[in-house]
Each structure stands twice: as structure tokens, then as C-alpha cells.
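**Q** I'd like to ask some things about the structure below.
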Amino acid sequence: MNVLSLIRRKRDGETLSGDEIRALVAAYTRDEVPDYQMAAFLMAGFIRGFVDAEAFALYEAMLHSGEVLDLRDIPGIKVDKHSTGGVGDKLSLILAPVAAACGVPVPMISGRGLGHSGGTLDKLESIPGFNVNLDLDRYRRVLAEHRMVLIGQTETIAPADKRLYALRDVTATVECIPYIAASIMSKKMAEGIDALVLDVKVGNGAFMRTEADARRLAERLVAIGTAAGKPTIAYLTDMDTPLGHAIGNWIEVEESLAVLAGGGPADVRELSLLLAGTMIYLGGQAESVEAGIALGARAIEDGSALQAFIGLAAAQDADITCLLHPERYPQAPHQLVVAADRDGWITGMDTFAIGMAAVELGAGRLRKEDRIDPVAGIRLQAKTGDHVKAGQPLAVLLGSDAERTRAQVGAVAAAYRFGDRAPEPKPLVLGRIDPILGGNPLE
Ligand code: URA
């Protein structure tokens, strides 16, 4: 293989063969192609694009760069969910135990925060002792016993993605649909799942800012899942406003516990139940998504979903005291209120800016080696569609460092947009890409 020629041909807009793409990714994973050549190839592909066959070859090469788990010995139709990332998105912590309590095994390999968007692993690690680094034997055992397991990407699952992702992150080649699709689906198809639910976020707090881009990404993700023989359903959901009221790590666990206990914010509850209901349907435990939603709601009402989450946390080494008594968790030492400077309707929010403010407070990483502050974050007191009076709290900033906390007051205040009239209500679910049920009943 002549890497220079592959870069040149991609630069000039040629279509490469599947074999050429597979050989390139395999050689890069074996350390036989230097980062500078791979970075040049990534940028050429970012600018020139890929035809469907090339994009599929990229996904296949990344999937087979490591181990593809076989979970057939564990009974049940295994279903996972993946979100493309947003602000306040704690849905995995809710829907995994809901689906598991309804009889669907959920093997979930999640990620850490990325840029302005939070990550399930960081949230889980705010629970003292929670171990997200299980080896694959223990991954199987916990899944078999608890019908659910929540871990991070291992060295052996899609290692090409791990390396390519780090390279894309520092070469401005992240927001490219073939790359994102290959990255997500190589990890998900390596997990040993039978079916997948995708939550593709759209809006100013998502990687896909427009509905058209989000739909193209969702269609590609669903096409890959379907071609792999795994029933896949994707939803396009709103990320122009943060989900729920809590943005951070521990406070998002706390909000998830509230939803599992039957309360919590309506948007978080509604979306968790829709996605869990779809998992329950794909997992063969309900005749329809609607019946799955009803089963999921019952698992919340009767406490079985909350018990499933607490049982899993104990199985993954967590000290569950704080799950049983969230009020005993340490409070952030610095708490500052951001107040409205006028009367009016909140007509919109810069969700990316709010996510970045949470990162700056310590809830995410500005550099790879940064440590997450589990108590840092933002509690929203008002969101898009609310009417506020001057002086009324919009948000409370939580931090461990006084200066760092104060520094975010202006950014969060500036992220709110006001008007004199109530904004048009926007649906939470914008569409569904669904080759199984066909069409889109939500449109
Ligand atoms: N999430 C992923 O796993 N990969 C991407 O490229 C983007 C979001």
C-alpha cells in the first residue's frame, strides 16, 4: 500500500476501493502509518467526502480493528442506546435501568465528556467507587446477573476509533458525517448487541446544528446498523435547550435518581421513556413502542427501575449510600445565582455556551489530563419558554473555586435570550428514522 498515493487520490476527489480504506485503517492501527499522514488523509476526506461504499468500508475497518464481542450465551435480545452528545443529557442513567427492569439486557459502552457535551462515564464516576473499567469477563458476568452493565471503551474494542478520534479532535476533522458514523457504529457493533436505539441531537448544543445534517447522520447510522443485521431506530431530538435542570456530573446523577423515583423534569422523563420504550420494543418485551413506554413507566412507578440502578452500582463497586441518601452528598462550596436583568420571556438559550460554562466550572475537561470536579455544574432555574421577572434566578453556578465560579456568571447570563412574547413551543422529538416500523408517526 502506498499511503502517499491514497492521500493524493483522496485530495483530488477520487473514490478509493473498500480494500484500500481497510488496508489504510489496519496499517494505522498497527502503527505503520504516522499520525501526520493519517491527519492529511482525514482532512482530504473531510473536504472531499466519501461515497457510501467508502464510508461503509471505513466503519468495517474500524469495527474489525479490535475484538467484536459475542454475547449469544447471555439470554435475551441485547439492546443499547447511543446519543450523539448534548448538554444535560443524562438519559442513559435512566433508560438503561428502565429497559433492564423490563427484561431487556443492556450492554452499554459509553464515553466521557467531549468538548461542551457531558459523558455518561464522568457522571457515573461521581458516584464514589463506581468502576467503569471492568474487564470483559466481568462485563459479561455483570450483564448476565443484572441485565445491564455500564463501562468505558477498552483497549480491545474498536482501537482504531480510539486513535482516530484523538487525531480528529486535534485536526479539526470531528464534524464529518462519515467519520462520526464510523466512530459511533464501530464501537456499538463491537459490543455484542442485537439492536440499537440512537438519539441524534439537533441544535445549538449539538454537534449537528441543523435538522438536515442531523437527518443525514441519522440515516447513515441506521443504514450501517441495518446492513449489519441489527435492527436500528434513530430519533432526532432537540438540543437547542439543555435537557432537564441539572448540568454537571453528580447533580445529573441526582436528577436521574429523581426521574427513576417518579419525579424529575418532564423533558427528561418524556425522552427517557420514549427511548427506553423503543428499547423494550426492539428487545421483544412489548408489541409496540407505545406498549414499551407504558411498561417503562410502570417500572418507574413500582420502583423496579430504581432498584435495578442501585443494584448495578453496587455490582460495579460503588458505595451506594449517596444513591440511597442523595442529600448526604457533599455540596459545592461556591454557589452563585445568575439573575435576570429584565422582565420577559426566555425565547432561547445558547446551549453550547452553557455547556462550555459547565466545563469551565470543572464539570468537564479543557485539557485531556484535567480532573473532573464531581460537584461542579449548573442548576437551571429557568429555561426557554419560561417567563421571568427582573432579579429572578435563571441559574445557580456550582464550583469548588470561588474565582472560577464567579468568572462564569457573565457567560451564563449572556446565554439567555429574552423577548416580550412567549416563543413558539418546540417539540422535543423532531423525527424518527425507522426502517422497521416504516415512516415516521411523529411527523
Ligand atoms: N461520538 C462518537 O463516538 N464519535 C464521534 O465522532 C462523535 C460523537
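**Q** Check Asp70 against each of (1) within 16 Å of the ligand (Cβ to nearest atom); (2) in a loop (DSSP other than H, G, I, E, B); (3) acidic (Asp, Glu) and name the one condition it does not meet.
**A** Result: Asp70 passes all but (1).
**Q** Out of Asp401, Asp370, Asp386, report the one residue that is in contact with a helix residue (DSSP H, G or I) (Cβ under 8 Å, 6 or more places away or on another chain), over 30 Å from Arg216 (Cα atoms) and not assigned by TED's automatic domain parsing to the domain that holds Ile127.
**A** So the residue among Asp401, Asp370, Asp386 that is in contact with a helix residue (DSSP H, G or I) (Cβ under 8 Å, 6 or more places away or on another chain), over 30 Å from Arg216 (Cα atoms) and not assigned by TED's automatic domain parsing to the domain that holds Ile127 is Asp401.
**Q** Is it true that some residue in region 168-177 is among the hydrophobic types (A, V, I, L, M, F, W, C), farther than 24 Å from Val222 by Cβ and in contact with a helix residue (DSSP H, G or I) (Cβ under 9 Å, 6 or more places away or on another chain)? Lay out the reasoning, then the answer.
**A** Initially, region 168-177 is screened for residues among the hydrophobic types (A, V, I, L, M, F, W, C), giving 170, 172, 174, 176-177.
Narrowing further to those that are farther than 24 Å from Val222 by Cβ: 170, 172.
Narrowing further to those that are in contact with a helix residue (DSSP H, G or I) (Cβ under 9 Å, 6 or more places away or on another chain): 170, 172.
Taking every residue of region 168-177 in turn, at least one turns out to be among the hydrophobic types (A, V, I, L, M, F, W, C), farther than 24 Å from Val222 by Cβ and in contact with a helix residue (DSSP H, G or I) (Cβ under 9 Å, 6 or more places away or on another chain).
**Q** Restricting attention to region 206-223, and to residues there that are in a loop (DSSP other than H, G, I, E, B) and of a type outside the set (Lys, Arg), which single residue is nearest to the ligand (Cβ to nearest atom)? Give the steps one after another, and end with the answer.
**A** Narrowing region 206-223 to residues in a loop (DSSP other than H, G, I, E, B): 206-207, 209-210.
Checking which are of a type outside the set (Lys, Arg) leaves us with 206-207, 210.
On the way: Ala206: 10, Phe207: 6, Thr210: 16 Å.
Step by step, filter region 206-223, then rank; the result is Phe207.
**Q** Among residues belonging to region 265-296 that are surrounded by fewer than 17 Cβ atoms within 10 Å (Cβ to Cβ) and assigned to a helix (DSSP H, G or I), point out the one that is nearest to the chain's Cα centre (by Cα). Quick ask: steps written out before the conclusion?
**A** Quick first cut of region 265-296, residues surrounded by fewer than 17 Cβ atoms within 10 Å (Cβ to Cβ) only: 266, 270, 284, 287-288, 290-291, 294.
The next check asks that each one be assigned to a helix (DSSP H, G or I); those that pass are 266, 270, 290-291, 294.
Details: Ala266: 19, Glu270: 17, Glu290: 23, Ala291: 25, Ala294: 24 Å.
That would be Glu270.
**Q** Keeping to region 140-169, report how many residues are under 20 Å from Glu32 (Cα atoms), of a type outside the set (Phe, Trp, Tyr) and within 16 Å of the ligand (Cβ to nearest atom).
**A** 11
**Q** Moving on. Going through region 39-53 one residue at a time, which ones are in a helix (DSSP H, G or I) and either of a type in the set (Gly, Ala, Ser) or touching a Leu at 6+ places or on another chain (Cβ under 6 Å) (or both)?
**A** Across region 39-53, the qualifying residues are Ala39, Ala40, Ala44, Gly45, Ala53.
**Q** Right, here's the next one. Find the residue count for region 13-72, including only residues that are within 30 Å of Arg140 (Cα to Cα) and β-branched (Val, Ile, Thr).
**A** Qualifying residue count for the region: 3.
**Q** Now for a separate question. Checking the conditions here, which among Glu211, Glu290 is acidic (Asp, Glu) and within 27 Å of Phe46 (Cβ to Cβ)?
**A** Result of the check over Glu211, Glu290: Glu211.
**Q** Moving on to the next point. Tell me whether region 323-332 contains one or more residues that are in contact (Cβ under 8 Å) with a residue 12 or more places away in the chain, buried (at least 22 other Cβ atoms within 10 Å of the Cβ) and farther than 21 Å from Leu121 by Cα.
**A** Within region 323-332, none of the residues are in contact (Cβ under 8 Å) with a residue 12 or more places away in the chain, buried (at least 22 other Cβ atoms within 10 Å of the Cβ) and farther than 21 Å from Leu121 by Cα.
**Q** Anything in region 1-38 that is under 17 Å from Leu164 (Cα atoms), assigned to a loop (DSSP other than H, G, I, E, B) and free of Cβ contacts under 8 Å to residues at least 24 places away in the same chain? List them, or say none.
**A** Correct list: Arg30, Asp31, Glu32, Pro34.
The values are calculated or read from the model by the stated rules, or taken from the named source; none is laboratory data. Fair warning: this is a prediction, and the values are worked out from it, not measured in the lab. Here Cβ is always computed from backbone atoms with ideal geometry, including for glycine, and neighbour counts include all displayed protein chains.
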